[in-house]
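Since the structure comes first, as structure tokens, the remarks are kept for the end.
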Amino acid sequence: MRSLFPVTDLTTTGPAAPDREWSLDELAEAYAYPAELTAAPSAGLGAGTPWLRANMVSTLDGAAQHDGRSQPISCAADMRIFGTLRGLADVVIAGAETVRLEGYRPARAREAFAARRAAAGQGPAPAVAVVTGSMDLDFSLPLFTEPLVPTLVLTGAGALADRIAAARKAGAEVVIAGDGTRVDPARAVRELAGRGLTRQLTEGGPRLLGQFVAAGVLDELCLTISPMLTAGDAQRIAGGPGVTVPERFFLASLLEEAGFLFTRYRRTDS
């Protein structure tokens, strides 16, 4: 894997040789969250200020999935970055549909990130937060019954009481983040940050990412561009209503391996 675009946060390790695989430690440095997240409030973003990044993959013709899943358009290097982003996060946010389709399991502790997480005051693994208005989830799955840290369920104040009770009985923490049954994306981000989960990572799906984009709360997009064409009518990486004025992001870093491009974009005001 090699760097094609020299940026500040890659200079700590320097570009990798064209034929050398980046180590997990190098990737962790390249994808580090802003240092201000762990600094005093006067230093910038301030303690408790969330930073929401998304991690998605897309084919050359814009498909975010193939046969309903992202794995067929991914690759080994993409999965290493996927694991790195999880290893750095306080919380992984996913929509209920993605949890069902991708067969989500609890995030696991990884020795490669243990020292880094301990130094940042993080637990051994990120929590998983599931966004759902309907609460249509199978609470007998390991995601809810066997996590290292309790799974969070983000829902609205009007969610069915029996489903909330079922979630809590399974060991999940229910977080009210909206009125009615709808989850408000900006409120979800704030509620998680209020629990100390400021390093936030969303893995979609497209509908959830579209909601974060429309709400103006996405700070960073880590997008893998897969050198594949699928045609068909697969979803884009973000769906739902469009924004009134397109929001400009800037390219923060670019890596390449075997034709796959691993891009990282940040909001121009971040």
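The values are calculated or read from the model by the stated rules, or taken from the named source; none is laboratory data. Here the structure is a predicted model, which means the values were calculated and not measured. Note that each Cβ is placed from the backbone with ideal geometry, even for glycine, and that neighbours are counted across all protein chains shown. The accessibility values were calculated without ligands, DNA or RNA, using every heavy atom of the protein model including side chains. Shrake-Rupley method; radii C 1.70, N 1.55, O 1.52, S 1.80 Å.
Taking the listed residues 62, 103, the one that is out of contact with any Gly (no Cβ under 9 Å at 6 or more places or on another chain), closer than 25 Å to residue 229 by Cα, open to solvent by 30 Å² or more (accessible area, probe 1.4 Å) and at pLDDT 80 or above is 103, with no other qualifying.
For region 215-243, filtering for residues that are under 25 Å from residue 188 (Cα atoms), open to solvent by 60 Å² or more (accessible area, probe 1.4 Å) and without any contact (Cβ under 8 Å) to a residue 40 or more places away in the chain leaves 4.
Among residues of region 66-88 that are free of Cβ contacts under 8 Å to residues at least 12 places away in the same chain, those with a beta-carbon under 7 Å from a residue that is open to solvent by 40 Å² or more (accessible area, probe 1.4 Å) at least six positions away or on a different chain give the pairs 72/66.
Only a single item in (1) out of contact with any Cys (no Cβ under 9 Å at 6 or more places or on another chain); (2) small (Gly, Ala, Ser); (3) within 25 Å of residue 72 (Cβ to Cβ) is not met by residue 188, and it is number (3).
Would you confirm, using the coordinates I've provided, whether residue 110 is open to solvent by 10 Å² or more (accessible area, probe 1.4 Å), of a type in the set (Lys, Arg) and modelled with pLDDT under 90?
Here the answer is no, as residue 110 does not meet what is asked.
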